[in-house]
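Report on the structure given below.
The values are calculated or read from the model by the stated rules, or taken from the named source; none is laboratory data. Bear in mind the structure is a predicted one, so any value in this text is a computation, not a measurement. Reconstructed Cβ throughout: ideal geometry from the backbone, glycine too, with neighbour counts over all protein chains shown.
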Amino acid sequence: MKYHNITKADMLNGEGLRVVLWTSGCTHHCPSCQNAITWDPLDGLNFDDNAIKEIYDELDNDWCSGLTLSGGDPLYTENRKNIRNLVTNVKKLYPTKTIWSYTGYTWEELMEQVKNDSDLKDILDSIDVLLEGRFILSKANEKLRYVGSSNQRIIDVKKTLQNENKEIILYIDNSDILANKEELKNIESGVCRC
């Protein structure tokens, strides 16, 4: 697996101060993606023991809330074995730290894939929060928390996997921001829903 960067004390890609691994490889190719440079799975640095040590060194800090996986797509099929090894080890070594992961796949697509992919199952069992869905420029909203477009969901993975009804449980619901935006449009156009 290749990666582009490891950022430290990041506060834009999850709650608290986090270490972020920016993986290489993505097949979604969303128009206007802010990380298009990471699409090529062969571009970047080798994800080796030095990179893992760099992540662990950050997680050793009390102030570090956890690990966020971004990219590219950390759940790109060729990344899954390395990501599985990383997140399962992080969960064992740092049980109080959270793991967040971005992906262009939807939850529904992952649930189909997990049936035939044990690496993906182990990843989902290890991460806490999944920020999912492709970036859609027409649905972009800079006020959304942690995602770029309103179709993307921030899912509480543990609660969703444990839910007997198989309903998606959101970790963060951005609908209040979207509602406020719609209200603002109505006010500006003279429509009042009072």
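H29 falls short on exactly one of the conditions (1) free of Cβ contacts under 8 Å to residues at least 24 places away in the same chain; (2) farther than 23 Å from E132 by Cβ, and that condition is (2).
Screening segment 102-150 for residues that are modelled with pLDDT of 95 or more, in a loop (DSSP other than H, G, I, E, B) and of a type in the set (S, T, Y) and picking the one that is farthest from C30 (Cα to Cα) gives T106. Any residue at all in segment 167-181 that's at pLDDT below 90 and outside any helix (DSSP H, G or I)? Yes, segment 167-181 has at least one match. For segment 153-167, filtered to residues that are touching a strand residue (DSSP E or B) at 6+ places or on another chain (Cβ under 6 Å) and among the hydrophobic types (A, V, I, L, M, F, W, C), the residue that is surrounded by the fewest Cβ atoms within 10 Å (Cβ to Cβ) is I154. Evaluated against (1) more than 20 Å from S32 (Cα to Cα); (2) of a type in the set (K, R); (3) surrounded by 15 or more Cβ atoms within 10 Å (Cβ to Cβ), R134 falls short on exactly one condition, (1). Report whether or not D73 is buried (at least 20 other Cβ atoms within 10 Å of the Cβ), acidic (D, E) and under 25 Å from F135 (Cβ atoms). Taking the combined requirement at face value, the residue satisfies it.
I'd like the residue in segment 1-49 that is in a loop (DSSP other than H, G, I, E, B) and in contact with a Cys (Cβ under 9 Å, 6 or more places away or on another chain) and, out of all such residues, is nearest to S138 (Cα to Cα). Only one residue tops the list, namely C33. List pairs: first in segment 140-159 and under 16 Å from T68 (Cα atoms) and aromatic (F, W, Y), second assigned to a strand (DSSP E or B) and at pLDDT 95 or above, Cβ under 7 Å, 6+ apart or cross-chain? Matching pairs, first to second residue: Y146/L131; Y146/I154.
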